[in-house]
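The block underneath contains the structure these notes are about, expressed in structure tokens.
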Amino acid sequence: MASVFSARSSPRISPIFLGLVLVTAGGGALTLLGTRIAVTAGIVILVLAGWAVSLCLHEFAHALVADRCGDHSVRGLGYLTLDIRRYANIGLTFVLPMLFLLIGGIPLPGGAVWIRRGALRSRVAASMVSAAGPLTNLVLAFLLALLVPLVPPLLGAGISFLALIQVLAFILNILPIPGLDGWGIIDPYLSDHTRLAVSRFAPYAPLALFAVLILLRPVASALFGLASLVYAAVGGDITLAGAGQELFFFWQH
């Protein structure tokens with residue numbers, strides 16, 4: 001009885017997640033000091049820590065919808081605690097996404113929550129679980145865009161770039177490529193033969209996408225152009241986002 005109760009009880013938010021939120025806020029506070037070094041350091045910290053926070057929220061959204069749709073094992077696995085260590089492993093969840101972001105400003109997804117698809121109530125539920133993560137990124141972009149007019153311009157530049165990254169993450173994740181959430185949305189409707197054939201190369205598909213975006217600049221430019229349009233549509237300031245991007249990649253100038 002006790003084990004069943006503990007599995008069903010409301011999980012506590014991880015102190016590590018709260019720490020990431022505080023680091024993000026600290027980066028924002030640094031930008032208020034006004035010196036170029038403080039502003040640049042603050043934006044780098046704000047964007048990197050903020051991206052880590054959004055990774056946690058992205059995976060949390062997958063787990064929360066899965067829990068509501070029948071897979072209650074996510075509670076026992078700690079996915080509802082927002083602890084970044086619970087999502088696959090620290091290398092895939094944290095290190096690789098950070099490297100992707102630093103190298104090319106490309107927010108490719110990292111870790112994943114392991115969902116018992118057979119426990120979900122329907123194929124629609126399975127699609128909803130996959131869609132929950134990218135939609136969370138889009139909602140975050142909208143909320144961050146609302147915050148920008150309320151803060152000083154330099155801080156707004158950092159927040160705007162972080163919001164643009166959320167839009168990029170949304171677009172990349174909904175692509176129907178194996179290993180990404182877009183594929184997870186359509187996967188429940190595919191045949192077993194198709195799933196088996198795709199499973200052989202699915203782990204490498206996101207890395208191949210990253211290579212294409214890095215090596216083929218027109219593809220990356222088209223992606224950023226689309227993200228800019230979507231960001232503007234949710235109320236974002238593209239000019240400020242561009243300023244934040246320049247400050248984030250300070251070593252390129």
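Check Ser199, Ser228 and return the single one that is loosely packed, with under 13 Cβ neighbours inside 10 Å and among the small types (Gly, Ala, Ser). First the steps, then the outcome.
Numbers: Ser228 fails: loosely packed, with under 13 Cβ neighbours inside 10 Å.
Of Ser199, Ser228, the one residue that is loosely packed, with under 13 Cβ neighbours inside 10 Å and among the small types (Gly, Ala, Ser) is Ser199.
Of all residue pairs spaced 6 or more apart or on separate chains, those with beta-carbon atoms under 7 Å, a first member in the range 92-107 that is among the polar types (S, T, N, Q) and a second member that is at pLDDT below 70 are Thr93/Gly110; Thr93/Gly111. Just one residue in the set Gly179, Gly133 is touching a helix residue (DSSP H, G or I) at 6+ places or on another chain (Cβ under 6 Å) and open to solvent by less than 30 Å² (accessible area, probe 1.4 Å); that residue is Gly133.
The values are calculated or read from the model by the stated rules, or taken from the named source; none is laboratory data. Note that the structure is predicted; figures quoted are calculated from it, not measured. Don't worry about glycine lacking a Cβ; one is built from the backbone with ideal geometry, like all the others, and counts go over all protein chains shown. For accessibility, only protein heavy atoms count, side chains too; no ligands or nucleic acids. Shrake-Rupley method; radii C 1.70, N 1.55, O 1.52, S 1.80 Å.
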